[in-house]
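The values are calculated or read from the model by the stated rules, or taken from the named source; none is laboratory data. None of the values given here were measured: they were computed from a predicted structure. Cβ placement follows ideal geometry from the backbone for every residue including glycine, while neighbour counts extend to all protein chains displayed. Keep in mind that these areas ignore ligands, DNA and RNA; they rest on the heavy atoms of the full protein, side chains included. Shrake-Rupley method; radii C 1.70, N 1.55, O 1.52, S 1.80 Å.
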Amino acid sequence: YAITPTYSRPVQKAELTRLANTFRQVSRLHWILVEDAAARSELVTRFVAGAGLPCTHLHVPTPRRYKRPGLPRATEQRNAGLAWLRQRHQHLPPPQPGVLFFADDDNTYSLELFQEMRTTRKVSVWPVGLVGGRRYERPLVENGKVVGWYTGWRADRPFAIDMAGFAVSLQVILSHPKAVFKRRGSQPGMQESDFLKQITTVEELEPKANNCTKVLVWHTRTEKVNLANEPKYHLDTVNIEV
Ligand code: UGA
Ligand code: MN
């Protein structure tokens, strides 16, 4: 399962198209797309219908008071994805194999990443490229165990890792039914740590990507588009979805 929070903006369809082109090539991937919106949009609804892979389309709006720079993003959306997943599996008999990954819509994902995370027993970790003001951040590994973090930003984080840097087994999600992303008390950059400390410890983490020495996912961020020349009058004669 991949949970992807997404919100309406000029680049949204381009981002989702790029993700679908990757995810379609991953076998047995179920994509949980969660719109930050009061209702499902027509754009995403149409997109999901033609995405070519199993998709679940959810929505939940971020309360306006949380839509401010410096505050964590997509908390409610990831929690909606978690709730859906727990609901779907609660009445199924164990064992229920599965792995959950939080896939933001603007990152870049290699296919190899999905091969790596498939063998997650509890919580697995790996490097993330282009994040934290460095070329990459990564868990430091000694004798197969995570012993620290290579990072240039807030090294005091208990888990100095981006959302794109870990996966969790479905079993762990189901056996910790209260583990969610928190608004209250969550500082910038602490969402990952606040979540991970509810379900695991640093000692328990399973390093992937050759003992965390390969970058298989990039925290790319899309430039804000320039719409300075959008017409105010003499609009186009057709209404085109972009
Ligand atoms: C960084 C981390 O990589 C994110 O995982 C973390 O959620 C985020 O910081 C944060 O500040 O909370 P960054 O690239 O700065 O990511 O954030 P975005 O990519 O803009 O947003 C993360 C995800 O939330 C994206 O999938 C985006 O589509 C979604 N989002 C963003 C919403 O659903 N609503 C918003 O208002 C903004
Ligand atoms: Mn991002």
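Taking the alpha-carbon set of region 6-53, what are its Rg and Dmax in Å?
Taking only Cα atoms of region 6-53, I get Rg and Dmax of 10.7, 31 Å.
Determine ³J(HN,Hα), in whole Hz, for all residues of region 104-112 in sequence, where each value follows from phi through the Karplus function 6.51 cos²θ - 1.76 cosθ + 1.60 and θ = phi - 60°; x replaces Gly and Pro.
Per-residue couplings from phi come out as 4, 7, 9, 7, 10, 10, 7, 5, 4 Hz.
How large is the convex hull of the C-alpha atoms of region 12-99 per residue, in Å³?
It is 126 Å³ per residue.
Would you kindly derive the ³J(HN,Hα) couplings of region 165-180 from the backbone phi angles with the Karplus curve 6.51 cos²θ - 1.76 cosθ + 1.60 (θ = phi - 60°), listing them in order in whole Hz, with x for Gly and Pro?
x, 8, 9, 10, 6, 4, 4, 5, 4, 6, 7, 10, x, 9, 6, 9
Keeping the other protein chains in place, figure out the carbon and sulfur percent of the accessible area of region 51-171, with a 1.4 Å probe.
54 percent
Name the residue from G81, S193, N107 whose Cα lies farthest towards the positive end of the charge dipole of region 2-218, charges +1 on Cβ of Lys and Arg and -1 on Cβ of Asp and Glu.
Toward the positive end, the furthest listed residue is G81.
Looking at the chain, send over the antiparallel percent of its DSSP beta bridges, to the nearest 5.
Counting only bridges with both partners in the chain, antiparallel ones make up about 50 percent.
If you put +1 on each Lys and Arg Cβ and -1 on each Asp and Glu Cβ, how big is the dipole of the chain around its Cα centre, in Debye rounded to 20? Numbers along the way, then the final one.
Values: 34 positive and 23 negative charges, 103 e Å.
Charge dipole, the chain, about its Cα centre: 500 debye, nearest 20.
DSSP loop GluC sites (Glu not before Pro) in region 183-230 with at most 12 other Cβ atoms within 10 Å of their Cβ, which ones?
Answer in residue order: E223.
Please report the spacing between the Cα centers of region 105-127 and region 23-37 in Å, no decimals.
14 Å
Under a 1.4 Å probe, what is the accessible area of region 182-242 per residue, stated in Å²?
Values: 4520 Å² over 61 residues.
Roughly 74 Å² per residue, with all protein chains present.
Taking the Cα atoms of the chain, report the difference between the largest and smallest coordinate on each principal axis, in whole Å and largest first.
Per principal axis, max minus min of the Cα coordinates gives 66, 44, 36 Å.
Do any trypsin sites (Lys or Arg not before Pro) in region 182-242 lie in a loop, going by DSSP, with at most 15 other beta-carbon atoms within 10 Å of their beta carbon, and if so which?
K182, R184, K197, R221, K224, K232
Quick check: convex hull of the Cα atoms in region 199-242, volume per residue, rounded to a whole Å³?
Given the Cα convex hull of region 199-242, per-residue volume reads 187 Å³.
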